[in-house]
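Student: Submitted below is the structure of interest, expressed as structure tokens.
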Amino acid sequence: MVSRENASILFERICAEATWCRREVLDAVLSLAVEIGREGREGRRIGTLFTVGRAHDVLAQSRALILDPLIGHVPHATHIADPNLRGTVKELAQLDGAFVVSDDGVVVSACRYLTAAVEHVHLPLGLGSRHLAAASISGALGIVAIVVSESAMVRVFSRGRLVAEIIPELWLLHHAAPPAG
């Protein structure tokens, strides 16, 4: 179970490994991932993947699956914290591929096929290709990758390792609760 204190520890642990990490960017991506995991899209469970950090390098180790709907937009219109972008991301999450989020929180690309090598990646049994792609790219580039599973579970990978599993309902319950005191 992820309590408010555990969520804070999770952020600190991930940000300590990824020195470029900005907590507000990680928080915005995790919040959106949890929302997608909990709500799905129009009553249907969907899965997706976000990479966070080193966007230029992620783009170099991936390819577009379709014409990228986010290319050419001004950065402030595609910032992960922009409430107007949330619905767009939820719509695009129904398509296959990953979202690429820059260090400063701009979603620079969507619907990407990640091509990082999979050597030295060890995953728990039962996790699929989306998780393998997240572990691979996070290990190859030293970034954070966040997977929303079609089962609603949100998993965080850092440096090729699974570092957190988040149950959306528990996350939202503890994230919205006032601190005990």
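The values are calculated or read from the model by the stated rules, or taken from the named source; none is laboratory data. As the structure is a computational prediction, the values presented were derived from the model and not from experiment. Note that we place each Cβ from the backbone using ideal geometry, even for glycine, and neighbour counts take in every protein chain shown. When the accessible area is computed, the model is the full protein with side chains, heavy atoms only, and any ligands, DNA or RNA have been set aside. Shrake-Rupley method; radii C 1.70, N 1.55, O 1.52, S 1.80 Å.
Student: Who wins for biggest fluctuation among Ser129, Ser149, Ser158 in a Gaussian network model of the chain, springs between alpha carbons below 10 Å?
Tutor: Checking each option, the largest mean-square fluctuation is seen for Ser129.
Student: Relative contact order of the chain: what whole-number percent is it, with Cα pairs under 8 angstrom and at least 6 residues apart? All intermediate terms of the calculation are to be shown ahead of the outcome.
Tutor: Numbers: 357 pairs, mean separation 52.6, N = 181.
Taking the mean separation of contacting Cα pairs over the length of the chain, I get 29 percent.
Student: Here's another thing I want to ask about it. Once amide H atoms are built 1.01 Å from N in the peptide plane, which residues 5 or more positions from Gly53, or in another chain, come under 5 Å H to H?
Tutor: Correct list: Val101, Ser102, Asp103.
Student: Per residue, how much accessible surface does the range 10-151 expose to a 1.4 Å probe? Answer in Å², no decimals. Present the calculation step by step, with values, prior to reporting the outcome.
Tutor: Values: 6610 Å² over 142 residues.
Heavy-atom SASA per residue in the range 10-151 reads 47 Å².
Student: Another question, then. Stretch Arg63-Leu170 to full length: gain in nm at 0.36 nm per residue minus the Cα-Cα span? Display every interim value, and only then the final one.
Tutor: Numbers: separation 107, 0.36 × 107 = 38.52 nm, distance 3.47 nm.
Using 0.36 nm per residue and subtracting the Cα-Cα distance, I get 35.1 nm.
Student: Same structure again: Carbon-plus-sulfur fraction of the accessible area of the range 47-155, 1.4 Å probe, in percent? Display every interim value, and only then the final one.
Tutor: Numbers: 2800 of 4910 Å².
That fraction is 57 percent.
Student: Give me, ordered by chain and number, the residues 5 or more places off Val106 or on other chains with an amide H under 5 Å from its own placed amide H.
Tutor: Ile80
Student: Please compute the Cα-Cα pair-distance distribution of the range 42-146 with 5 Å bins starting at 0, giving whole percents from short to long.
Tutor: It works out to 2, 13, 24, 24, 19, 11, 5, 1, 0, in whole percents.
Student: Sorted by accessible area with a 1.4 angstrom probe, largest first, how do Glu91, Glu150 fall? Intermediate results must be reported in sequence, preceding the final value.
Tutor: Details: Glu91 80, Glu150 110 Å².
The ordering from most to least exposed comes out as Glu150, Glu91.
Student: Another question, if that's okay. Mind jotting down the three principal axis lengths of the chain based on Cα atoms? Whole angstrom, largest first.
Tutor: Per principal axis, max minus min of the Cα coordinates gives 49, 38, 32 Å.
Student: Quick check: with the 1.4 Å probe, what order do Ile166, Ile71 take by accessible area, largest first? Each step should come with its number before you reach the end.
Tutor: Working: Ile166 0, Ile71 110 Å².
Result, largest first: Ile71, Ile166.
Student: Still on this model: With every protein chain kept in the model, how would you rank His73, His79 by accessible area, 1.4 Å probe, largest at the top? Could you put the intermediate results ahead of the total?
Tutor: Details: His73 105, His79 55 Å².
Sorted by accessible area, descending: His73, His79.
Student: Here's something else I'd like to know. Counting every Cα pair in the range 28-67, what percent are over 12 Å apart? Kindly include the intermediate steps, with their values, before the conclusion.
Tutor: Working: 526 of 780 pairs.
Here the tail beyond 12 Å accounts for 67 percent of pairs.
Student: Take Ser151, project a point 7 Å from its Cα along the Cβ direction, then tell me which residues of the range 117-139 have their backbone nitrogen under 16 Å from it.
Tutor: What the label zone holds, given the 16 Å backbone N cut-off, is 123-132.
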